[in-house]
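These notes concern the structure reproduced below.
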Amino acid sequence: MKITFVVPGLNLTGGLRVISIYADLLSKRGHEVTVVSPSQRIPSFKEKIKSFFNWKGYKFQTIFDDSFFENSNFEVNLLKKNKEVTASDVPDADVIIATFWITAEWVALFPPNKGRKVYFIQHHEIHYWLPNQRVKATFSLPFKKIVVAKWLASIMENDYQQDDVSIVTNAVDHELFYSPERSKNEVTVFGTMYSQRQYKGTQLAFDAFCQLKRQRSDIKLIVFGIEPSEKVERLPIGAQYFSRPNQEQIREVYNQCDAWLFTSSSEGFGLPILEALSCRTPVIGTRSGAAPDLLSSGGGILVDIGDVEGLLSAMEYICNLDNKEWENMSNSAYKEALAHRWEEKVVEFEKVISIE
């Protein structure tokens, strides 16, 4: 098949990473794949003001990065313009896949020769800074829809009366994220990802760690994110921060940790959960994204969204585990991760987009 992905831009978000993985695997399975993206968009004056004052958690994402698409075995068409993608910008194809609400608006206007229309939904993008009525309208477009988590399928069915929805959950690259069997550290090491977006819950993780640090000295925190070190806000004293690490470095971070803190209040899936589990690192996660599904088999602990006391209690639990107890939890984490492989997911994805 000729398959086109239309993306809103190139960056280091988890959603773009998933798209790059599917584009690569579909290409390797013999399909002719093209990814089309506008160039980096310049923020408007209003967006600059909202971002500067962090209005209700708003941060304009100005960081352009095509790392996920470097040395690809499929075509990446980065347009010179930074506005909407039009029909003349994309090749004729069998399937065209919208990947974000605004790309769904664009694709809705394309003629049939651009391909059967599929909407790949990785999050329910209802945020203060988005035109939510327009966002919601895209979920009712007559596209075949693929979602990455059960909760998104429920949203599509219950809120938008969409019954043509397929669930293809995300996976993890086990050749990239792995760890030999290991023991618990003498000093308990926690890890988390830094983001300036409030809904990612970074401050919740920092607050819980600082509270626990006041109670006991035998803990450590490792953090990574895309922000340069000088822009990281309220990093706990003594925490180690890695700016824009590559995938191998991220694996090493996971491998140093006794537990990974996933603290989002709103998440489509949550790739770091699977990556940590695949590195035999238990996860303490809020009830968002795929956490309720991935942490139900013993490889982690679920806490309520925004519950700093619950997070603190779970962290204390990890600290108090003896080595054998931690190893059992670590093995359960790894066993859960083994059930999620991209080689299997691309077959599911391919099957869905092949249906006429």
Kirkwood Rh, Cα atoms: Rg over Rh of segment 188-338: 0.92
For the charge dipole of segment 161-218, defined by +1 on Lys and Arg C-beta atoms and -1 on Asp and Glu C-beta atoms about the Cα centroid, which residue among Pro180, Val165, Gln196 has the Cα displaced farthest towards the positive pole? Gln196
Over the Cα atoms of the chain, how large are the radius of gyration and the largest Cα-Cα distance (Dmax), in Å? 20.5, 64
Inter-centroid distance (Cα atoms) of segment 155-232 relative to segment 274-352, Å: 10
Need one word for segment 113-261: rounded, prolate or oblate. Basis is the Cα gyration tensor (sqrt eigenvalues a ≥ b ≥ c); a/c below 1.5 gives rounded, then a/b vs b/c decides. prolate
If you place +1 on the Cβ of every Lys and Arg, -1 on the Cβ of every Asp and Glu, and leave all else neutral, what size is the dipole of the chain about its Cα centre, to the nearest 20 Debye? 1020
So which of Lys200/Lys351; Lys80/Lys200; Lys81/Lys144; Lys117/Lys200; Lys184/Lys335 end up more than 26 Å apart by C-alpha? Lys200/Lys351; Lys80/Lys200; Lys81/Lys144; Lys117/Lys200
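Bear in mind these aren't lab numbers, they're just calculated from the coordinates by the rules spelled out. Everything numeric here is computed off the predicted structure, so don't read it as measured data. So basically every Cβ, Gly included, is an ideal-geometry build from the backbone, and we count neighbours across all protein chains shown.
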